[in-house]
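Quick note: the coordinates plus some simple rules give every number you see, no bench work behind them. These numbers were taken from a predicted model, which means no experiment stands behind them. Glycine also receives a Cβ, built like all others from the backbone with ideal geometry; neighbour counts cover every protein chain displayed.
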Amino acid sequence: MKDCILLTGGAGFIGSALSHLITGLGALPVVAIDSLHPQVHARGIRPPELHDDVRLIVADICEPTTWISFLAEWRPSIVVHLAAETGTGQSLSEASRHTHVNVTGTARMLDAFAAVGHVPQRFVLSSSRAVYGEGIWVKADGTRVSPGQRSKAMLDAGQWDFVNSTALPFVADSTPANPTSIYGATKLAQEQIIRSWALSFGSEIAILRLQNVYGPGQSLDNPYTGIVSLFSRLARAGKSIPLYEDGLMRRDFIFISDVARALRAAIYERQAAGQIHDIGYGKPTTIADVASLIAAHYAAPAPHVCGKYRNGDVRHAGCEVTRARAIGWQPEVELADGISQLCEWIDQRLENV
């Protein structure tokens, strides 16, 4: 049996970027298992962004036969678990699909390891800020509250914020997990399932709760992909970008190369184990400001508020990155520069189609 670094969902946006940081002379071979789902990989072929030296196994992590075949050849010392269904809004109408992949797929992997008596040295889980839900808000008198999920009646009335309250940044040690979407609930379940298994069998685990990831390599075929990519395509076509709610909801946008470096640190840094790390830029930006930057890049019409909202969405999201800095990581790419890089990549990609 051969040792390796295993990337589940490794042919996706994040896995492909990470592959270039962990594949090289003297390093462990990297093996990716990915189903090449048509929602993400419309042509069903190996993505060019994935490092050439990565061994790609096209298979479904939910199928026991996938693991029987894989473990007949490999015994991974490091498992980077990226495989997941990721559509926040989509998860509310396709709950069984998200639960099957994110929860059952994770359990299938762990069952397979247990069946052959293999215990990886470390798991690195790509989790999500969605596990926090709305997080903690502070009232005008200084009282901190966990407001929970915004109701349909609240959103139908256009009451976007919680009255007389301000959202605080997410911090793993102090912000309780309280997801407002099926997706967020399944990511929290992933965390708990892998942590329980790892502690029972003696593996290390590092969890990264990612904020809004964007950058070159994002799927341009996936209708549920990140809003930065979606906005860029609309503006490139000369269209006005529609803003949900009032456009003033905040998100913490983190560039793909910064995320890949954070995952690399979680793989190799000793002190990363046993911790949950929040990964963002640390400076939330309104959706309206992001849309305006993109519209200006393409000289497109100004964004407009369309009056819609998306069930399961949180009002504001951002995080502190103090703990992640302690493992030698910090974000480097500022939003304006990252958007320029993404738009240039989209232009090149679409011009060559």
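In table form, for the structure just shown:
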| item | result |
| --- | --- |
| Lys, Arg +1 and Asp, Glu -1 on Cβ, resulting dipole of segment 175-260 about Cα centre, debye, nearest 20 | 180 |
| Point-to-point label distance, Arg270-Glu344, nm (Cα→Cβ direction, 7 Å offset) | 4.0 |
| Length added when fully stretched, Ala326-Ser151, from 0.36 nm per residue minus Cα-Cα | 59.2 nm |
| Rounded FRET efficiency, nearest 0.05, which uses the C-beta distance separating Ala42 from Val116 and R0 of 30 Å | 0.30 |
| Dipole magnitude of segment 197-342, debye to nearest 20 (Cβ charges: Lys/Arg +1, Asp/Glu -1, about Cα centre) | 180 |
| Gained length - Gln159 relative to His304, 0.36 nm times residue gap less alpha-carbon distance | 50.4 nm |
| Residues Met109, Met1, Met249, Met154, sorted so that the one with the fewest Cβ neighbours within 10 Å comes first | Met1, Met154, Met249, Met109 |
| Choice from Gly117, Gly318, Gly184 showing the highest fluctuation, given a GNM over the chain with Cα pairs closer than 10 Å | Gly117 |
| Cα gyration tensor shape for segment 285-337, rounded if a/c is under 1.5, else prolate or oblate | oblate |
| Fluctuation leader among Val333, Val228, Val314 - the chain, Gaussian network, Cα springs under 10 angstrom | Val333 |
| Label-to-label distance, nm, for residues given as Ala336 and Glu94 (7 Å Cα→Cβ offset) | 3.8 |
| Inter-centroid distance (Cα atoms) of segment 121-178 relative to segment 199-254, Å | 18 |
| Relative contact order [Cα under 8 Å, 6+ residues apart], the chain, whole percent | 18 |
| With at most 11 neighbouring Cβ atoms within 10 Å, loop trypsin sites (Lys or Arg not before Pro) (DSSP) excluded, longest segment of the chain | 44-307 |
| Order of Ser77, Ser232, Ser196, Ser16 under a 10 Å beta carbon neighbour criterion, fewest first | Ser196, Ser77, Ser16, Ser232 |
| Listed residues Leu243, Pro48, Ala273: farthest to the positive end of the dipole of segment 2-351 (Cβ charges) | Ala273 |
| Helix-only mean residue ellipticity at 222 nm for the chain, each DSSP H run of n ≥ 4 adding -39500 (n - 2.57), per residue, nearest 500 | -10000 deg cm²/dmol |
| Net dipole in debye of segment 2-351 [+1 Lys, Arg Cβ; -1 Asp, Glu Cβ; about Cα centre; nearest 20] | 340 |
| Calculated FRET value between Arg55 and Glu351, using beta carbons and R₀ = 45 Å, to 0.05 | 0.90 |
| Size-normalised alpha-carbon gyration radius of segment 13-83, reference 2.2 N^0.38 Å | 1.10 |
| Rounded to 5, the percent of DSSP beta bridges in segment 2-351 classed as antiparallel | 15 |
| Two-site label geometry, Asp141 and Leu220: point separation in nm, points 7 Å out along Cα→Cβ | 5.5 |
| Whether segment 1-125 is rounded, prolate or oblate, judged on the alpha carbon gyration tensor where a/c under 1.5 counts as rounded | oblate |
